[in-house]
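The values are calculated or read from the model by the stated rules, or taken from the named source; none is laboratory data. Keep in mind the model is a prediction, meaning the values are calculated, not measured. All Cβ positions, even for glycine, are placed from backbone atoms using ideal geometry, and neighbour counts span all protein chains on display. Areas reflect the complete protein model, heavy atoms only, side chains present, ligands, DNA and RNA absent. Shrake-Rupley method; radii C 1.70, N 1.55, O 1.52, S 1.80 Å.
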Amino acid sequence: MVPKYNNKASTCSVSTLFLSISLLFAILLSLFLLSSNHTSKSTSPLSCLVSTTATNVPNNANSDSINVYVSDLPRSLNYGLLDKYWSLSHDSRLGSDIDNEIRSTNSWNNKKIPIYPESPLIKQYNAEYWILGDLITPPELRSGSFARRVFDPEQADVIFVPFFATLSAELQLGTAKGVFRKKVGNEDYARQREVLDFVKGSEAWKRSGGRDHVFVLTDPVAMFHVREEIAPAVLLVVDFGGWYKIDSKASSNGNNTSDMIQHTQVSLLKDVIVPYTHLLPKLQLSENQKRQTLLYFKGAKHRHRGGLVREKLLDLLMNEPRVTMEEGFPNATGKEQSIKGMRNSEFCLHPAGDTPTSCRLFDAIQSLCIPVIISDNIELPFEGTIDYTEFSIFVAVNKALQPNWLVNHLRSYTDVQKSKFRQNMARVQSFFQYDNGYPGGIGPVPVDGTVNHIWRKVHQKLPMIKEAIVREKRKPPNVSVPRRCHCT
């Protein structure tokens with residue numbers, strides 16, 4: 001028997017069918033639009049290392065990410081430099097014994113991406129390696145990355161230039177140091193020139209004048225010969241020490257700190273201060289034990305420029321009770337001494353060296369040794385997110401050089417205060433962690449790690465970058481306005 005349907009039921013059925021068809025059409029349209037947003041694999045030489053899928057997204061579509069296009073440099077300017085480094089027969093520089101051992105076993109070449117040098121002279125500057133490793137990690141492993149890689153420069157907020165500038169400079173210093181400041185016969189300069197000719201010939205550079213390009217220059221001498229040309233870009237630097245020079249008149253009068261010629265190539269307004277890579281392992285707060293030493297320092301005594309204060313400080317503190325001042329370098333033996341010294345000391349001295357800061361500060365943080373910073377011109381990573389006064393002690397140079405003042409000041413801190421410093425320090429240790437534990441950095445990065453915090457700082461500068469690009473466009477032809485970047 002055929003069931004009967006009244007008109008009302010029939011009307012409901014038609015409505016339901018219409019809604020179902022409409023919903024199905026909407027779903028199919030959404031899937032089509034999503035699939036049309038995907039493009040083919042990038043033709044960048046870096047794309048051959050990993051499987052990547054590009055996604056077109058509007059600029060600043062998500063305030064929790066930054067869209068990054070990786071400039072299409074040849075491999076010879078990044079990972080190829082690692083091949084070149086490891087192919088050296090020997091490196092006679094201080095601290096290179098560990099790398100010579102790696103060379104002898106050929107263990108550097110068992111992955112698609114060679115390992116970065118372990119020599120502390122070079123390793124402390126290896127930010128370039130971890131930042132690029134994150135960017136070429138397959139997208140399905142990058143859900144925790146703040147930087148979102150795109151494969152169309154017009155979709156990017158910034159253009160990352162994957163030149164291993166530090167490694168390039170260190171290769172030159174290790175093989176032919178005598179021509180480093182020259183251009184003729186300088187392979188590092190030739191590579192700098194190749195990078196600049198490539199990026200300045202791109203439409204992206206022409207469109208922005210380089211203001212939205214990002215370079216990693218952690219070694220103070222990286223890209224030494226072309227700094228004026230890359231000055232408009234965002235520079236990732238450990239401090240500004242290598243960018244200033246002493247006024248010759250002031251220097252002849254014995255004043256080596258206050259009369260500086262301010263370069264217009266770097267500024268906190270456009271650039272990002274990044275951490276050195278720490279060389280000592282992390283100490284968990286739960287592993288902290290009773291500390292017997294009041295103050296500890298290990299490093300080179302004789303430095304230049306603002307670092308001359310170091311020699312005076314070491315002479316002043318050398319014979320103080322419960323104070324350990326050691327000259328040395330963090331090679332295999334020195335590293336073990338530094339681990340023991342920092343973990344056994346309540347405070348770790350951080351005086352200026354050739355530049356205002358060093359990796360020693362970040363070793364102290366990983367060792368939960370309260371930093372005593374004596375460097376009047378220091379700049380620090382991620383300020384605004386991190387308040388260093390919550391776990392560090394800042395002392396003016398003129399105060400620290402007064403006899404007995406510094407040790408008496410440090411002895412005035414109570415156990416409760418020192419414990420609070422270490423608790424605060426433990427909370428920010430991850431901010432200074434580049435290494436994600438994966439070979440070549442190809443894998444998920446720590447959400448609260450260094451690489452993400454660097455990109456967050458770059459993201460904060462996007463409004464200023466866009467404003468600078470727009471201002472440049474409206475200048476009449478042949479009008480030149482001097483850069484005024486020295487304000488901080």
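Annotations
- Plainly put, region 62-116 has a radius of gyration that is 1.17 times its Kirkwood radius, both from alpha-carbon atoms, as the Rg/Rh ratio.
- Summed side-chain charge close to F432 - residues other than F432 whose Cβ falls under 10 Å, Lys, Arg +1, Asp, Glu -1: 0
- Prolate/oblate/rounded call for region 340-390, Cα gyration tensor, a/c under 1.5 rounded: oblate
- Taking the three principal axes of the alpha carbon atoms in region 355-488, the coordinate ranges are 63, 44, 23 Å, sorted in descending order.
- Packing-based order for 398-409, 158-169, using average beta carbon neighbours within 10 Å, highest first: 158-169, 398-409
- For region 333-432, the square roots of the Cα gyration tensor eigenvalues, ordered a ≥ b ≥ c, give a/c below 1.5, which places it in the rounded category.
- Accessible area ranking (1.4 Å probe, heavy atoms, ligands and nucleic acids excluded), largest first, for R181, R310, R93: R181, R93, R310.
- Put D97, D157, D354 in order of accessible area, highest first, and with a 1.4 Å probe you get D97, D354, D157.
- Stokes-Einstein diffusion for region 151-207, with the hydrodynamic radius set to the Kirkwood value over Cα pairs and evaluated at 20 °C in a medium of 1.002 mPa s, equals 167 µm²/s.
- Rounded accessible area of V395 (nearest 10 Å², 1.4 Å probe): 10
- Each of R456, R474 has its accessible area taken with a 1.4 Å probe; listed largest first, they run R474, R456.
- One chain, two ends: E229 and K475. Fully extended at 0.36 nm per residue, the span grows by 86.6 nm beyond their Cα-Cα distance.
- Exposure of Y296 as accessible area (Å², to 10), given a probe of 1.4 Å and all protein chains: 10
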